[in-house]
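So the structure is just underneath, and the comments pick up after that.
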Amino acid sequence: MDPIVMTTELEPTNPQPRSVKKFNISQSNELTEAAYSLSLQAKRVLWLCLLQSYREPNREYYDTGFTVNVQDYEEIFRVARQTASSDVTRGINDLLSNFVEFHPKNGEFDVRKLTWLSEAGAKLARGIWCLNINEKIMPYINGLQDSFTFYSLADMRKLNSTKAIRLYECFCQYGSTGVFVTDHEWLCERFKLPETQRNNFAELKRTFLNPSIEKINEHMPLKASYKRSDNGKLIFTIVGHEDKK
């Protein structure tokens, strides 16, 4: 599918700031553990779709249509209007051209690959995009299952690295137990890490784990440290702190 390019002057607006402090984003543990690589802009577009679900309590779970407003992106993520316009376009293009890979513990398949979106349309002058999320992905992101990961959008907007975001999502999943155990191979596969990090654990530490955890510990309510055991397991210790506003 050819990428969509949006170059237009947006209609003037009188933005009313929207509070995101009260919004907790939720996604299934299956999605937290899925294999995919999305840009920061694409993750944020997905969050805007989730916020729309929360603001519409009577919304039916099988309704896959969402409206993404450039103004919302601008206000929530605190960027300039032109940056917001470019970011939303890039995020939607990324969702259109990528897929998510699930590794079910039960069922017919060992691996399931699903596209994120089935359609995207733009009302250019108004700065509005109309998206249809793949109906088979909806159960993983719309709060219909028991095993879900929750985190605050007010916190997540403080992170500007998708790898750090994904790592923090894992910490949120295991925050109640205080321990997240995985290994080098799992991180590389699920996070779609580059070959340099797949082939060299020291490089993984230097360019991914250490800077990500440093950023998380600086800005986020959950803090983490890690060690590598003699058998190669990565053991993350997670501690919760009062949210910083």
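Tabulated results
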item	result
Lone qualifier among Glu169, Glu135 - being of a type in the set (Asp, Glu) and outside the structural domain of Asp63 (by TED's automatic domain parsing)	Glu169
Which numbered condition Tyr168 misses (of (1) within 28 Å of Asn132 (Cα to Cα); (2) without any contact (Cβ under 8 Å) to a residue 12 or more places away in the chain; (3) aromatic (Phe, Trp, Tyr))	(2)
Pair list, Cβ < 9 Å and 6+ apart or interchain, from the range 201-226 residues that are free of Cβ contacts under 8 Å to residues at least 40 places away in the same chain to residues that are assigned to a helix (DSSP H, G or I) and among the aromatic types (Phe, Trp, Tyr)	Lys223/Phe171
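The values are calculated or read from the model by the stated rules, or taken from the named source; none is laboratory data. Keep in mind that what you see is a predicted model, and the values were worked out from it rather than measured. Glycine gets a Cβ as well: all are built from the backbone with ideal geometry, and neighbour counts include every protein chain shown.
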